[in-house]
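**Student:** Pasting in a structure now, in structure tokens, and then I'll have a few things to ask.
The values are calculated or read from the model by the stated rules, or taken from the named source; none is laboratory data. No experiment lies behind these values; they were computed from the predicted model shown. Using ideal geometry, Cβ is built from the backbone for each residue, glycine included, and neighbour counts are taken over all protein chains shown. These accessible areas exclude ligands, DNA and RNA; they are computed on the full protein's heavy atoms, side chains included. Shrake-Rupley method; radii C 1.70, N 1.55, O 1.52, S 1.80 Å.
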Amino acid sequence: MLSRTADHLFWMARYTERAENTARMLDVNMQTAMLPQSEQDAEQGWRATLGISELQSAYDHKYGRFHTRDVLDFMVRDPNNPSSILACLTGARENARAVRGTLTTEVWEIQNATWLDMQKRLKSNLLETDPSAFFEWVKYRSHLSRGVTLGTMLKDEAIHFIRLGTFLERADNTARILDVKFHGARDTSKDITQRDFYYWAALLRSVSGFEIYRKVYRDVITPARVAELLMLRGDMPRSLLACMDDVVENLKHIRNDVSADTERFAGKLHAELKFGHIDDIMKAGLHLTLTEFLENINDLGNRVSRDFLVPLAA
């Protein structure tokens, strides 16, 4: 496959996943903002959302003062914010259009219809009157895109580049959410209060993990178990281990003459999660572990670009 084609497929998937992740974070924050809390706690929650995407300084430069309406506008419809839902879905559609002949008609139509429908929804006042409905629509369109892709495309290199982009983006997002939320939490060694319960429940809901947590642990929510679920449980769809399972598997299907080192790097990262233990991670420091993982997952993305997506120099 031409590296240019692989690049468009890879980024089409990453932008689609990023739009969904942004919608998830904003939706949960909207719901938790309605709970009884001080203005300072509410603002801290929104600033944590900006911090997850490393957009705090960009937001402050543009707006100066904090306001919920401005955060939503910045994270949803600002075309100059590369992580806004508008920018992500536009990027996904443009990458899909560039490789229209590689995609099935159904996959292209989903991407195109999502972009067209988004224009109408942003021009309406849906975001102001019912933001949760808008965020549910974004998540639904992402789910629909993945389902149609898996259900209609040939299991060739194209779909493996799409899946690779999806799971690299998902791993990065899960690690960021976990790191920022733990950093912003109260003392995790103390007993869980009612406020803490809602805090950790919100984190789990942002990755569709609340019901899974209840099914797996059948007990009160504790920070260590939240970290274990989102890092080391391969049966949790958005965990770091589950993402790396799929990254390693898809790399096998697209390997070339120069990708052996990248496969080894991904395999090492995967093994650290597969054979890791949450007690060791908490003892070593969760923030340190997640920071190292984020550096490695970024490095892995660069290696994938070097080996597959960027034409090799003559």
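**Student:** Select from the stretch 192-209 the residues that are within 17 Å of the chain's Cα centre (by Cα) and either of a type in the set (D, E, K, R) or open to solvent by less than 50 Å² (accessible area, probe 1.4 Å) (or both) and list them in ascending order. Talk me through it step by step, then tell me what you get.
**Tutor:** Restricting attention to the stretch 192-209, the residues satisfying the condition of being within 17 Å of the chain's Cα centre (by Cα) are 202-209.
Within the stretch 192-209, A202, L203, L204, R205, S206, V207, G209 meet the criteria.
**Student:** Select from the stretch 256-286 the residues that are surrounded by 14 or more Cβ atoms within 10 Å (Cβ to Cβ) and without any contact (Cβ under 8 Å) to a residue 40 or more places away in the chain and write down the one among them that is nearest to K155 (Cα to Cα).
**Tutor:** E263
**Student:** Return a yes/no flag: does the stretch 282-304 have any residue that is basic (K, R), out of contact with any strand residue (DSSP E or B) (no Cβ under 6 Å at 6 or more places or on another chain) and closer than 18 Å to L232 by Cβ. Let's see the steps before the verdict.
**Tutor:** Quick first cut of the stretch 282-304, residues basic (K, R) only: 283, 303.
With out of contact with any strand residue (DSSP E or B) (no Cβ under 6 Å at 6 or more places or on another chain) added as a condition, the list becomes 283, 303.
With the extra rule that they be closer than 18 Å to L232 by Cβ, the set shrinks to 283.
For the stretch 282-304, residues basic (K, R), out of contact with any strand residue (DSSP E or B) (no Cβ under 6 Å at 6 or more places or on another chain) and closer than 18 Å to L232 by Cβ: present.
**Student:** Closer than 28 Å to S57 by Cα, among the small types (G, A, S), open to solvent by 10 Å² or more (accessible area, probe 1.4 Å) and part of a helix (DSSP H, G or I) - does that describe any residue in the stretch 123-134?
**Tutor:** So far as the stretch 123-134 goes, yes, one or more of its residues are closer than 28 Å to S57 by Cα, among the small types (G, A, S), open to solvent by 10 Å² or more (accessible area, probe 1.4 Å) and part of a helix (DSSP H, G or I).
**Student:** Restricting to the stretch 90-112, name every residue that is under 19 Å from the mean Cα position of the chain (by Cα) and within 17 Å of G147 (Cα to Cα).
**Tutor:** Hits for the stretch 90-112 are A92, R93, Q111.
**Student:** Please name all residue pairs, on different chains or six or more residues apart, with Cβ atoms under 9 Å, provided the first residue is in the stretch 111-134 and is of a type outside the set (A, V, I, L, M, F, W, C) and the second residue is open to solvent by 60 Å² or more (accessible area, probe 1.4 Å).
**Tutor:** Sorted first by the residue in the stretch 111-134, then by its partner, the pairs are Q111/R97; N112/R97; E128/R69; S132/Q31.
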